[in-house]
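Reviewing the structure listed below.
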Amino acid sequence: MKELEIFTSPIGPLITRYLSMKRASGRRAVAMAYTFRYLDRFLVSSQAADLTRETFIAWSESMGSLHANTRAGRLRVVYRFCLFRRRECPDSFVPDPTQFPRRPPRPLPYIFSESEVIRLLAGSEGLAPHKGSLLHGAMARIGIVILYTTGLRRGELVRLTLGDYDKADRVFHVRRTKFDKSRLVPLSADTVTELNRYLKARRQAGAPCHEDAPLLVHNHCGPFRGYTGCGLGELLRKVIRGTGIRTSRGRPPRVHDLRFTFAVQALSRWYRVGADVQARLPALATYLGHVSVLSTQYYLTFFPATAQVASERFHEHAAGWLSPGTVEGDRS
């Protein structure tokens with residue numbers, strides 16, 4: 001992206017400097033750059049001399065067709081830019097974030113049971129190969145296995161190459177993903193078995209085998225090439241819909257719920273073995289690629305399954321001194 005050619009509004013040079021500062025601190029700022037591109041084009045098309053309250057409101061209204069989360073996210077990007085600008089120009093405009101669109105509550109994640117995951121795997125095997133995708137069923141199966149057993153993001157999975165799979169150490173090398181974090185993701189024995197099975201089918205189908213080749217491939221409308229996040233999502237949603245699994249609202253679960261399932265099951269296992277969950281949260285945050293433990297806490301919302309395990313553990317350790325008549329307030 002040639003930023004000097006793109007940002008041509010009166011605040012274009014400052015936008016370029018702001019993005020350079022963000023990237024110098026280690027951020028790629030791709031989505032941020034897109035937001036500024038839209039703002040910059042709006043200012044140019046409106047012949048605006050500056051970013052003022054009026055032009056900011058007009059730009060916000062021009063995004064009325066977007067989802068509230070998308071719109072609020074873009075407005076907050078520009079809000080932080082305005083705070084940066086005010087350091088040098090005390091009289092410059094800064095929007096009031098309390099007037100931004102409120103983000104609707106996030107949908108409650110669906111936690112797949114083991115029996116439901118088995119149904120998903122059976123459903124993937126029911127996908128017959130066709131000339132547009134020789135690995136149709138194998139792709140769906142390995143996608144479900146990896147997302148369920150590693151907690152990877154869908155975008156991280158489609159960006160993996162064959163070289164990112166270390167067969168000797170049985171790990172994935174996930175490189176510079178969200179928050180510009182790279183990490184090693186250990187794989188279970190069962191995942192390795194499934195992965196080797198998929199790689200064998202991949203070779204037999206004639207897919208490219210060099211290290212830079214995408215791990216997940218299809219041959220729709222031509223030679224083998226890597227899946228996009230949208231393409232993989234549509235394939236896995238097809239499997240989920242086919243199983244008939246539904247949330248409490250009667251809707252099929254999301255693909256992203258496999259990541260939630262991984263995190264919640266990890267927490268549940270720790271509770272069951274009596275581990276210090278708080279001490280292990282940083283390890284889970286690193287495994288999931290979160291920027292901090294605070295991000296992990298959102299994934300570990302107190303679901304009924306983990307609440308039950310925590311309650312059982314508390315009862316096991318506290319039943320003796322919480323029995324009737326032993327609490328000081330109950331003494332006669």
Scanning the stretch 273-298 for residues that are out of contact with any helix residue (DSSP H, G or I) (no Cβ under 6 Å at 6 or more places or on another chain) and polar (S, T, N, Q), which turns out modelled with the highest pLDDT? Thr286
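Of everything in the stretch 180-205, what is touching a helix residue (DSSP H, G or I) at 6+ places or on another chain (Cβ under 9 Å) and either without any contact (Cβ under 8 Å) to a residue 60 or more places away in the chain or β-branched (Val, Ile, Thr) (or both)? Give them in sequence order.
Initially, the stretch 180-205 is screened for residues touching a helix residue (DSSP H, G or I) at 6+ places or on another chain (Cβ under 9 Å), giving 181, 183, 185-188, 190-191, 194-195, 197-199, 201-202, 205.
Across the stretch 180-205, the qualifying residues are Val185, Pro186, Leu187, Ser188, Asp190, Thr191, Glu194, Leu195, Arg197, Leu199.
Can you work out which of the residues in the stretch 136-153 that are among the hydrophobic types (A, V, I, L, M, F, W, C) and open to solvent by 10 Å² or more (accessible area, probe 1.4 Å) is nearest to Val264 (Cα to Cα)? Show your work before the answer.
Keep residues of the stretch 136-153 that are among the hydrophobic types (A, V, I, L, M, F, W, C), which gives 138-140, 142, 144-147, 152.
Keeping just the survivors that are open to solvent by 10 Å² or more (accessible area, probe 1.4 Å) gives 138, 145.
On the way: Ala138: 26, Val145: 16 Å.
Restricting to residues being among the hydrophobic types (A, V, I, L, M, F, W, C) and open to solvent by 10 Å² or more (accessible area, probe 1.4 Å), the top hit is Val145.
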Looking at the stretch 205-220, can you tell me whether even one residue there is assigned to a loop (DSSP other than H, G, I, E, B), among the acidic types (Asp, Glu) and either at negative phi or open to solvent by 40 Å² or more (accessible area, probe 1.4 Å) (or both)? yes
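Taking the residues in the stretch 42-55 that are without any contact (Cβ under 8 Å) to a residue 24 or more places away in the chain and assigned to a helix (DSSP H, G or I) as candidates, determine which candidate is farthest from Arg175 (Cα to Cα). Let's see the steps before the verdict.
Our first condition is that a residue be without any contact (Cβ under 8 Å) to a residue 24 or more places away in the chain; within the stretch 42-55, this holds for 42, 45-47, 54-55.
Right, trim to assigned to a helix (DSSP H, G or I) and you get 42, 45, 54-55.
Working: Phe42: 34, Ser45: 38, Glu54: 42, Thr55: 39 Å.
Only one residue fits best here, namely Glu54.
Out of Gly242, Gly226, report the one residue that is in contact with a strand residue (DSSP E or B) (Cβ under 6 Å, 6 or more places away or on another chain), touching a residue at least 60 places away in the same chain (Cβ under 8 Å) and surrounded by fewer than 18 Cβ atoms within 10 Å (Cβ to Cβ). Lay out the reasoning, then the answer.
Values: Gly242 fails: in contact with a strand residue (DSSP E or B) (Cβ under 6 Å, 6 or more places away or on another chain).
Of the residues listed, the single one that is in contact with a strand residue (DSSP E or B) (Cβ under 6 Å, 6 or more places away or on another chain), touching a residue at least 60 places away in the same chain (Cβ under 8 Å) and surrounded by fewer than 18 Cβ atoms within 10 Å (Cβ to Cβ) is Gly226.
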Quickly run through the stretch 172-199 and pick out the residues that are among the β-branched types (Val, Ile, Thr) and open to solvent by 20 Å² or more (accessible area, probe 1.4 Å). Thr193
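More than 19 Å from Glu194 (Cβ to Cβ), touching a residue at least 60 places away in the same chain (Cβ under 8 Å) and open to solvent by 40 Å² or more (accessible area, probe 1.4 Å): does that describe Pro90? Show your work before the answer.
Details: more than 19 Å from Glu194 (Cβ to Cβ): yes; touching a residue at least 60 places away in the same chain (Cβ under 8 Å): no; open to solvent by 40 Å² or more (accessible area, probe 1.4 Å): yes.
Spelling it out, it is not the case that Pro90 is more than 19 Å from Glu194 (Cβ to Cβ), touching a residue at least 60 places away in the same chain (Cβ under 8 Å) and open to solvent by 40 Å² or more (accessible area, probe 1.4 Å).
Could we say that Arg141 is out of contact with any Pro (no Cβ under 7 Å at 6 or more places or on another chain) and at pLDDT below 95 here?
Taking the combined requirement at face value, the residue does not satisfy it.
For Gly233, state whether it is among the small types (Gly, Ala, Ser), surrounded by fewer than 21 Cβ atoms within 10 Å (Cβ to Cβ) and touching a residue at least 12 places away in the same chain (Cβ under 8 Å). Please lay out each step first, then the result.
Details: among the small types (Gly, Ala, Ser): yes; surrounded by fewer than 21 Cβ atoms within 10 Å (Cβ to Cβ): yes; touching a residue at least 12 places away in the same chain (Cβ under 8 Å): yes.
So Gly233 passes the test.
Against the definition (within 16 Å of Ser113 (Cα to Cα) and modelled with pLDDT under 85), how does Ser323 come out, yes or no?
Details: within 16 Å of Ser113 (Cα to Cα): no; modelled with pLDDT under 85: yes.
Spelling it out, it is not the case that Ser323 is within 16 Å of Ser113 (Cα to Cα) and modelled with pLDDT under 85.
Residue-by-condition table, conditions (1) among the β-branched types (Val, Ile, Thr); (2) under 21 Å from Arg176 (Cα atoms):
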site	(1), (2)
Pro10	no, no
Arg17	no, no
Ser20	no, yes
Ala33	no, yes
Arg37	no, no
Arg41	no, no
Ser45	no, no
Thr55	yes, no
Trp59	no, no
In the stretch 79-116, what residues are in contact with a helix residue (DSSP H, G or I) (Cβ under 6 Å, 6 or more places away or on another chain) and β-branched (Val, Ile, Thr)? Val94, Ile111
Tell me, which residue of the stretch 24-39 that is open to solvent by less than 80 Å² (accessible area, probe 1.4 Å) and at negative phi is modelled with the lowest pLDDT? Val30
Might you let me know whether the stretch 70-85 holds any residue that is in contact with a Pro (Cβ under 8 Å, 6 or more places away or on another chain), part of a helix (DSSP H, G or I), open to solvent by 60 Å² or more (accessible area, probe 1.4 Å) and free of Cβ contacts under 8 Å to residues at least 40 places away in the same chain? yes
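The values are calculated or read from the model by the stated rules, or taken from the named source; none is laboratory data. Predicted model, so just to flag it, every value in this text is computed and none were measured. All Cβ positions, glycine included, derive from the backbone under ideal geometry; neighbour counts span all protein chains shown. Accessible surface is based on the protein model in full, side chains and every heavy atom, while ligands, DNA and RNA are left aside. Shrake-Rupley method; radii C 1.70, N 1.55, O 1.52, S 1.80 Å.
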